[in-house]
1. Collect the residues in the range 22-50 that are polar (S, T, N, Q), part of a strand (DSSP E or B) and open to solvent by 50 Å² or more (accessible area, probe 1.4 Å), keeping them in residue-number order.
2. Scan the range 86-96 and tell me whether some residue there is over 12 Å from the mean Cα position of the chain (by Cα) and either modelled with pLDDT under 95 or closer than 12 Å to A5 by Cβ (or both).
3. Show the residue pairs meeting these rules: Cβ distance below 6 Å; 6+ apart or different chains; first residue within the range 46-66 and closer than 19 Å to S26 by Cα; second residue open to solvent by 60 Å² or more (accessible area, probe 1.4 Å).
4. Just to check your reading of the model, which residue among Y78, Y97 is touching an Asp or Glu at 6+ places or on another chain (Cβ under 9 Å), within 14 Å of I50 (Cα to Cα), open to solvent by 70 Å² or more (accessible area, probe 1.4 Å) and not in a helix (DSSP H, G or I)?
5. So which residues in the range 23-40 are more than 11 Å from the chain's Cα centre (by Cα) and at pLDDT below 95?
6. So which residues in the range 100-114 are open to solvent by 50 Å² or more (accessible area, probe 1.4 Å) and within 14 Å of R37 (Cβ to Cβ)?
7. Could you run through the range 62-76 and say how many residues are over 14 Å from the mean Cα position of the chain (by Cα) and modelled with pLDDT of 95 or more?
8. Among the residues of the range 46-83, write down those that are hydrophobic (A, V, I, L, M, F, W, C) and either touching a Phe, Trp or Tyr at 6+ places or on another chain (Cβ under 8 Å) or within 17 Å of Y36 (Cβ to Cβ) (or both).
Amino acid sequence: VQLQASGGGLVQPGGSLRLSCAASGSIFSADIMGWYRQAPGKQRELVASIRRGGSTYYSGSVRGRFTISRDNAKNTMYLQMNSLKTEDTAVYYCHVYKGGIDYWGQGTLVTVSS
């Protein structure tokens, strides 16, 4: 499985972005998929995840503002980000755990600034 993340960019505080993660292979059987982010000088952290059954997890800092979803037919995962804050600035990585293997996308930069 190869992952291609896209959708990052520069947005003002309070704005929205939608990240996409396109997979080269089927994600239908993926055990868990998620989005991580890494801000300058900080460790990579889990932002949101979605399990095969559809259950979701959000970190406390994004809960209520971000929504993770997956389209199995398109082999694509999304992260809708609303009410963005300056502290959301980071490189966002998509991740898939499938068949005991971790797969990572290349990252897409999100900059929230006025």
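The values are calculated or read from the model by the stated rules, or taken from the named source; none is laboratory data. Values in this document were obtained by computation on a predicted structure and should not be read as measured data. Because the Cβ atoms are built from the backbone with ideal geometry, glycine has one as well, and the counts that use them run over all protein chains shown. Surface accessibility is based on the protein's heavy atoms, side chains included, excluding ligands, DNA and RNA. Shrake-Rupley method; radii C 1.70, N 1.55, O 1.52, S 1.80 Å.
1. Q38
2. The answer is no, given that none of the residues of the range 86-96 is over 12 Å from the mean Cα position of the chain (by Cα) and either modelled with pLDDT under 95 or closer than 12 Å to A5 by Cβ (or both).
3. S49/Y57; I50/T56
4. After ruling out the rest, the residue left standing is Y97.
5. A23, S24, G25, S26, I27, F28, S29, A30, D31, I32, P40
6. Result: W104, Q106, L109.
7. 1
8. L46, V47, A48, I50, V62, F66, I68, M77, L79, M81
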